[in-house]
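Below is one structure, written out as structure tokens; the observations come after it.
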Amino acid sequence: MKKTSIIITLSLFIILIPFLGFPRSWEVIFFLVLGLAIIFLTLSLKNKVSSKTDSPLQEESEDVFTESVPVEEIDNTTQEELTEDETGDKDH
């Protein structure tokens, strides 16, 4: 049985325990045990997932940021103005 299925099953037991007629002291013990089991299984799943993402065999991806110029500015600017802006020389 997969860990996720076990977690769902334990959660259903937690929902059903108040309706099963157990004495209050037993319910407290059941809640404690089931809650700790769910916490343990969740943490083990988290560690398993994080160890997969930290694998050295995976290819690292680099984020690339490219600033774009709005199309309207390109349409309203001549090529001369663009080259002047790039070099910093403005005769106007």
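Derivation of every value follows stated rules applied to the coordinates shown; laboratory data play no part. Worth saying up front: this structure is predicted, and the values here are computed from it rather than measured. Don't worry about glycine lacking a Cβ; one is built from the backbone with ideal geometry, like all the others, and counts go over all protein chains shown.
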Inset, instruction - Quote the FRET efficiency, to the nearest 0.05, computed for THR4 versus LEU36 with a Förster distance R0 of 22 Å and r equal to the Cβ-Cβ distance. - result: 0.80
Legend entry - Segment ASN47-ARG24, length gained on full extension (0.36 nm per residue, minus Cα span): 4.8 nm
